[in-house]
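Encoded as structure tokens, the structure appears first; notes follow it.
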Amino acid sequence: MSLQSSQTKQNRVAAIQTQALSKHYLSNGEIVPVLDSISFDVEKGHILAVVGKSGSGKSTLLNIISGLEAASSGTVSTNGSLAYVPQRDLLLPWRTVLENILLPTEIRNGNLVAAAAQARQLLAEYGLAEFETAYPNDISGGMRQKVSLIRTLIQDADLVLFDEPFSAIDFTARLQLVKEVRSYVVFAQKAAIFVTHSIEEAIAVSDELIVLGNRPAQIIYQTDVVIPQEYRDPVQVRKSQNFQALFEQIWKLLSKEI
Amino acid sequence: MYTASPYMLFLVILTAWELFSTQFARFNFLFGAPSEIGVSLVSNTLNGVLINNFLITGYEALAGFLIGVVLGTVVGFILWYSPFVAHISRPYIVILSSVPVFAFAPMVIVWFGIGVNMKIALAALGTFLVALAQADEGAKNVDVAEYRLLQTFGATRLQILQKIIFPSSLSWVLASMKLNVGFALLGAFIGEFISANQGLGHFMIRAGSLYDIPSVFAGGVYLIALALLINWFVATVEKHKMKIIEFCSVSKKTKQASRL
């Protein structure tokens, strides 16, 4: 145990790092600040949870990290390929489940036969084996979000950004997916950022956690999350020792923000 | 009884019409009689005149329709692909779409003569702008989140066009096809009205100038049949919308890999 932890300490290379990241928009000639001096780093095998109210600039943060938007000041460095799990599943209705999963591979001109084999394996793991030829409109919201997750996993990116991916699905599916995400990132040694407005979800899934205050968003709280593996889902996590204090701390901070 | 009532009304009107036209010569002169329309319909069908004209007008409308829809859709994509081209051409498109396109008929005659091509051109012109507007609107209505997701996959602009813009535009274009088919038929018909020696428009205007009202109606019956036929065709195409989009935007290799 001690040997392992000293090894991980040596490997502490940030896979995602932001330094004094700020972003503002211009609206009718006025400067509207959105992000203010955000600094953090995420290492391999870890998940950083970002908690904040709706409209606190969380999506903007992910857009900047994934290179879709430019920062106004500050730096972002990412080390490796990047994939993104959107808030809505964004499955294309004219593609079957499997064809949706193969879309990234199709676009990158990758090996579709290998990807299809891997996709089938993942579909089976998620209990969706019989739905590979179904169209998105014929399956439930929870299933669609699983397909969206598989579409991300199949890209085998080093860095994964989750943008409130489970906010629109039912509670039981959500529990399962939070666990899946956690074990995937830890097992495959990915680095992930998980944006959510659910405090339980954030604590259950993350290794580090930041709380963003409102407009412009700045980090108002930053902590490590130490929760044993068996408590890593949004229901079980309530039973763990550290949960109550952490939850109350975050709740107090968030409720002060209007 | 309830389901039959529209047909009953039809029968009542036909009977009244027939009665009036046998009683009043003036009425007969203005409106003809159902029996005379029937005679004209049968004789002009049997001697092939109406069928021939039906095929010609149908050909003009369909050809013009297809040309207009394809060109309009392609230009719509170009506007999406090149914001600069869109920026330059948008005011002209707005101006063009606000003018009734058939006002350009005199020019079209100069360019294409008075043959079948002129009618196809008018039908195409009538559909082109509608298809263009729909393709443009469809491209603009693509989900920003979908667009960004494809960007994170590393998609080029051309790939984005093929994978999401094209499908979205196509469903808008297909949704407007019923309206568009009407414009195509109108274009072909107006072309024949202006100048022609064949087609249903020609048949009807010639019958009208000979005070042969029953034949005008007989031509109208064929025109309605043509409109219904084209509507049926469009409805069939629309029913297979997803299949068409799938065929055009999912790569063959992906299809093969997902069938293994």
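The values are calculated or read from the model by the stated rules, or taken from the named source; none is laboratory data. Since the model is a prediction, treat every value here as computed from it, not as a measurement. Using ideal geometry, Cβ is built from the backbone for each residue, glycine included, and neighbour counts are taken over all protein chains shown.
Brief remarks follow.
- Restricting attention to segment A:127-159, the residues that are of a type in the set (Gly, Ala, Ser) and within 15 Å of the chain's Cα centre (by Cα) add up to 2.
- Residue ID - nearest to A:Val160 (Cα to Cα), chosen from residues in segment B:151-162 that are part of a helix (DSSP H, G or I) and more than 7 Å from every other protein chain (Cβ to nearest Cβ): B:Ile160
- Boolean, A:Glu99 is facing chain B (nearest Cβ under 8 Å) and over 20 Å from the mean Cα position of the chain (by Cα): yes
- Residue match in segment A:119-131 (condition: under 26 Å from B:Ser171 (Cβ atoms) and either more than 9 Å from every other protein chain (Cβ to nearest Cβ) or modelled with pLDDT of 90 or more (or both)): yes
Here is a yes/no grid of residues against (1) touching a residue at least 60 places away in the same chain (Cβ under 8 Å); (2) in a loop (DSSP other than H, G, I, E, B); (3) at negative phi; (4) of a type in the set (S, T, N, Q):
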site: A:Ile150; (1), (2), (3), (4): no, no, yes, no
site: A:Ile169; (1), (2), (3), (4): no, yes, yes, no
site: A:Val185; (1), (2), (3), (4): yes, no, yes, no
site: A:Ile193; (1), (2), (3), (4): yes, no, yes, no
site: A:Ala204; (1), (2), (3), (4): no, no, yes, no
site: A:Thr223; (1), (2), (3), (4): no, no, yes, yes
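- Within segment B:244-260, if we keep just the residues that are more than 7 Å from chain A (Cβ to nearest Cβ) and without any contact (Cβ under 8 Å) to a residue 12 or more places away in the chain, the residue that is farthest from B:Phe166 (Cα to Cα) turns out to be B:Arg259.
- Residue selection: B:Phe10 fails the criterion of being over 18 Å from the mean Cα position of the chain (by Cα), free of Cβ contacts under 8 Å to residues at least 24 places away in the same chain, within 30 Å of B:Leu129 (Cβ to Cβ) and assigned to a helix (DSSP H, G or I).
- Condition met for B:Leu200 (away from chain A (no Cβ under 14 Å), closer than 23 Å to B:Phe128 by Cβ and modelled with pLDDT of 90 or more): yes
- A search for C-beta distances below 6 Å between a residue of segment B:175-204 that is at negative phi and in contact (Cβ under 8 Å) with a residue 24 or more places away in the chain and any residue that is buried (at least 18 other Cβ atoms within 10 Å of the Cβ) and not in a helix (DSSP H, G or I), counting only pairs 6+ apart in sequence or on different chains, returns B:Glu192/B:Gly199; B:His202/B:Ala196.
- A count restricted to segment A:149-173 and to residues that are surrounded by 22 or more Cβ atoms within 10 Å (Cβ to Cβ) and either farther than 22 Å from A:Ala114 by Cα or among the small types (Gly, Ala, Ser) (or both) stands at 5.
- Verdict on B:Tyr59 being among the aromatic types (Phe, Trp, Tyr) and surrounded by 15 or more Cβ atoms within 10 Å (Cβ to Cβ): yes
- Subset of segment B:1-13 [among the hydrophobic types (A, V, I, L, M, F, W, C) and more than 12 Å from B:Phe31 (Cβ to Cβ)]: B:Met1, B:Ala4, B:Met8, B:Leu9, B:Phe10, B:Leu11, B:Val12
- A:Ala116 within 14 Å of another protein chain (Cβ to nearest Cβ), crowded, with 22+ Cβ neighbours inside 10 Å and more than 17 Å from the chain's Cα centre (by Cα): yes
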